[in-house]
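Structure record follows, encoded as structure tokens.
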Amino acid sequence: MMKIAIPLVSNQSKGIPCAESNLQFMKKIFNHMIVNIALAILILASQTSCLSLFSSRQPLIPDANPTLFIYDAILNLSGQRSRALRKSLEGKRVWIVGAGGGIGSQLAIALRRSGAKLVLSGRRREELERVALECIEAHENTYENGTDFSDSFVKILPLDITSNDEIMMIAAKKAVSYFEGIDVLILNSGKGQLSPATATLGLHNNDENVDRALMEINYLGPVRLLTKLIYIDEWGKQNVDGNTKKGHVIVTSSVAGKMPLPLGSSYAASKHAIHGYFNSLRTESGNWLRVDLNCPGPIDTQFQERVYSPSKEESEDLDFTHNNISKEKLNGETSGAKMPPKRCAHLMLSAMVGPAQLMKETWISRQPTLFFMYLNQIFPALSMNIFEIIGPLRIKAWQHGLPLYKLSSWIKAVKNEK
């Protein structure tokens, strides 16, 4: 009897996955998840594994990304920080825009103490004069003989970052003329926002569209000023010796440039734009231009006094309960979560003198904001799901005039609505 061999056709060959292939697929997904979880644990461990090495000169809880935190710890614990800063910064010509207070003023004081020559810019001359005096005193106290360099090495140049191109060009020429060039430009000016995205769409402040104003102050203004300085000071061009003139720009961005910010949609958009532009600029001009992006989290400054927020009439027109959070409450309610501006400037200075390859982007913030930065980078879907829960809770707290960073406020706001 003749036997006929009939080929067996599996479900998989027909396009129907068999149980075995399903099992293999699930194993791959599981392995991928394990790798991601292990990576997250390694990153968190890198922030905490060296705690036993630190003394009172170094915070025990990490408040910066591992590269910056460890580099700063090495400078601090070696006892060579002051010498290293002076070696890198003495004689450097630094233009700080947004030097009238907060992070900018602390940067100016620390830079002058290390021997840098300063041009201080901001909108208010009286604030710049106060900071200039503090810079002079800090530098004099560095020397036993009290040498006074006030007349030659600290210059004041009032400037509004939203000025037209002609005024910006004049300011850039004047800044360059003080010390026959600029080595480092620090773009530290900015303005915040405290309102839901749907409210901001109709929000005007003194006949000024808030969305457009935030882009002008936080993004377009700094970009325009940098391009003027590059042109005036001839960064990227060859000098008579045949060497290319190099420059260094440091931009104060924000954690809002890396993840969502409920009640700060347009502010976050302007900071995301900063990252897009300056990261792209670095790829085009990296051979002659060093670009550092610093991303601070909540800082204990008067920044909240300069936020855009709806007036009572605008809030009512937009069907939002008017928030009655005072400026004092905004500036004081999160003091435990906010970093002192002096510590932020300290870390930014460490990044400034650190290796360019390691300091392209730095994160500077206390916990839990720093943890959420990593969560957003490693598990973006999970992070977005969490922010979709946090966002409405913050809005409810804002509507009822409650502190925005406290879980108890969110719970109270929900109870009030019920």
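Looking across Val131, Val119, one residue alone is open to solvent by less than 10 Å² (accessible area, probe 1.4 Å), among the hydrophobic types (A, V, I, L, M, F, W, C) and assigned to a helix (DSSP H, G or I). It is Val131.
Apart from one condition, Asn331 fits all of (1) under 19 Å from the mean Cα position of the chain (by Cα); (2) modelled with pLDDT of 75 or more; the exception is (2). Scanning the range 163-198 for residues that are at pLDDT 95 or above and within 18 Å of Gly104 (Cα to Cα) returns Ala175, Ile182, Asp183, Val184, Leu185, Ile186, Leu187, Asn188. Ile96 fulfils the conditions (1) in a loop (DSSP other than H, G, I, E, B); (2) modelled with pLDDT of 95 or more except for a single criterion, (1). Can you say whether Ser163 is touching a helix residue (DSSP H, G or I) at 6+ places or on another chain (Cβ under 8 Å) and of a type in the set (Ser, Thr, Tyr), as far as the supplied structure shows? For Ser163, the condition - touching a helix residue (DSSP H, G or I) at 6+ places or on another chain (Cβ under 8 Å) and of a type in the set (Ser, Thr, Tyr) - is met. Considering each residue of the range 337-359 in turn, at least one proves to be under 26 Å from Ser195 (Cα atoms), small (Gly, Ala, Ser), open to solvent by less than 60 Å² (accessible area, probe 1.4 Å) and at pLDDT below 85. Of all positions in the range 305-312, none carries a residue that is open to solvent by 30 Å² or more (accessible area, probe 1.4 Å), modelled with pLDDT under 95 and under 24 Å from Val184 (Cβ atoms). Give me the residue from the range 266-293 that is crowded, with 19+ Cβ neighbours inside 10 Å and more than 22 Å from Met348 (Cβ to Cβ) and, out of that set, modelled with the lowest pLDDT. Among residues in the range 266-293 that are crowded, with 19+ Cβ neighbours inside 10 Å and more than 22 Å from Met348 (Cβ to Cβ), the one modelled with the lowest pLDDT is Ser266.
Within the range 99-113, work out how many residues are in contact with a Leu (Cβ under 7 Å, 6 or more places away or on another chain) and either of a type in the set (Phe, Trp, Tyr) or open to solvent by 10 Å² or more (accessible area, probe 1.4 Å) (or both). The total comes to 2. Give the residues of the range 154-188 that are in contact with a strand residue (DSSP E or B) (Cβ under 7 Å, 6 or more places away or on another chain), more than 22 Å from Ala138 (Cβ to Cβ) and assigned to a loop (DSSP other than H, G, I, E, B), sorted by residue number. Across the range 154-188, the qualifying residues are Leu159, Ile161, Gly181. The lone criterion from (1) open to solvent by less than 30 Å² (accessible area, probe 1.4 Å); (2) modelled with pLDDT under 95; (3) of a type outside the set (A, V, I, L, M) left unmet by Pro368 is number (1). Just to be sure before I move on: is Thr362 within 21 Å of the chain's Cα centre (by Cα), modelled with pLDDT under 65 and open to solvent by less than 20 Å² (accessible area, probe 1.4 Å) in the structure I sent? No.
The values are calculated or read from the model by the stated rules, or taken from the named source; none is laboratory data. Because the structure is predicted, anything quoted here is derived from the model rather than measured. Note that each Cβ is placed from the backbone with ideal geometry, even for glycine, and that neighbours are counted across all protein chains shown. Note: areas computed on protein heavy atoms with side chains; ligands, DNA, RNA excluded. Shrake-Rupley method; radii C 1.70, N 1.55, O 1.52, S 1.80 Å.
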